[in-house]
Amino acid sequence: MTTSTTGHDAAAQPVDGQWWRPGRLQVPGDAPDVLVEMAADFEPPVLDAATVLDPWRASALGGLLGRGALVVGDDLPLGWHEIWFRDPLASGGVAEDGHAEEHALMPRRRPRRRVYAGATLSQRHPFVVGDEVSRTSGVTDCRLVPGRTGWLMIITESHRYAVDGRLFLEETRRVALRHDAPADTDRATATPRAAADPAPSTADADLALEVTADPVMLFRFSALTYNPHRIHYDREYATGVEGHADLLVHGPLTALLALEAVRAAGVPSPTTARYDFRLRGPAYMGRPVSFSVREADGTAEVTGAQEGRLVLTGTLAGA
């Protein structure tokens, strides 16, 4: 069970000691007025929450990833905290895309198209199944930038996880909200998505893992993460409204599969670790995603590609 509050203490502050506020926004001269107004009105709180890393949920993710069951006392693999700290969602508060209409760490009247762009995980100590974990969350940056097909609002979230007051994990997440011009709100005239970057040559890397996601895998991960985003289960919405080629594989699932590829390549998992990844393009259901890994000087570099398109790039190293 997860509990949330809006209080926090000084020890939970991000490293730079400063949470984001609208006064820090630097406005590009040609940014759309609607995004500027949205950012100017965006004053996210600092949130505290706590939950227990229960063995059922850990085992469910282990089954999904082919790892098997975990029991109380087992080390939790890096990144698996993703399936906890999920807020309940009331039926009356759902937006068109399936997400909550209002979310404390998102601006009001946010753009419809929302993309998980990547994250950095800095692990000081591994979690153990059964741990009671506290988390402090806030926004450390919000900026408006031009993208390949329109303007984006890039939000940087900071999450700090502790056990018995001891910091275990620092996580920085990057979320991109794409501005839809008025004409783009019509399904028939929606601006097409930008082409993904081509996958680089992996001649000097080992193909460590290949995964083809099916509807059952997507459903199971959506259920585990309490993720109601329609791009993962509603093909008509994903293709007709958001302009995708098919149902999308979840970005966090792609990031976890990349870590599984590193493990499959025989790279040891450090106790203190830094995992930095960027989601470079969509991964679609029913099409293989190939993960290649190269290791040098204690750092593993992982690349995910689908049909010649770059999906993910990441690095895993000892912290």
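The values are calculated or read from the model by the stated rules, or taken from the named source; none is laboratory data. This one's a predicted model, so the numbers in the text were calculated from it and none came from an experiment. Every residue, glycine among them, receives a Cβ derived from its backbone with ideal geometry; neighbour counts consider all protein chains shown.
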query = Of the residues that sit in region 28-43 and are in contact (Cβ under 8 Å) with a residue 12 or more places away in the chain and assigned to a helix (DSSP H, G or I), which one is surrounded by the fewest Cβ atoms within 10 Å (Cβ to Cβ)?
reply = 40
ask   = In region 44-71, which residues are buried (at least 17 other Cβ atoms within 10 Å of the Cβ) and free of Cβ contacts under 8 Å to residues at least 24 places away in the same chain?
value = 59, 62
Residue selected from region 130-172 under the condition of a type in the set (Lys, Arg) and crowded, with 19+ Cβ neighbours inside 10 Å, by the criterion farthest from residue 23 (Cα to Cα) = 135
query = Since residue 181 meets every condition but one in (1) crowded, with 20+ Cβ neighbours inside 10 Å; (2) at pLDDT below 90, which condition does it not meet?
reply = (1)
note = When (1) out of contact with any strand residue (DSSP E or B) (no Cβ under 9 Å at 6 or more places or on another chain); (2) among the aliphatic types (A, V, I, L, M); (3) modelled with pLDDT of 85 or more are applied to residue 52, the one that fails is (1)
remark   = When restricted to 63, 92, the only residue outside any loop (DSSP other than H, G, I, E, B), modelled with pLDDT under 95 and either hydroxyl-bearing (Ser, Thr, Tyr) or over 17 Å from the mean Cα position of the chain (by Cα) (or both) is 92
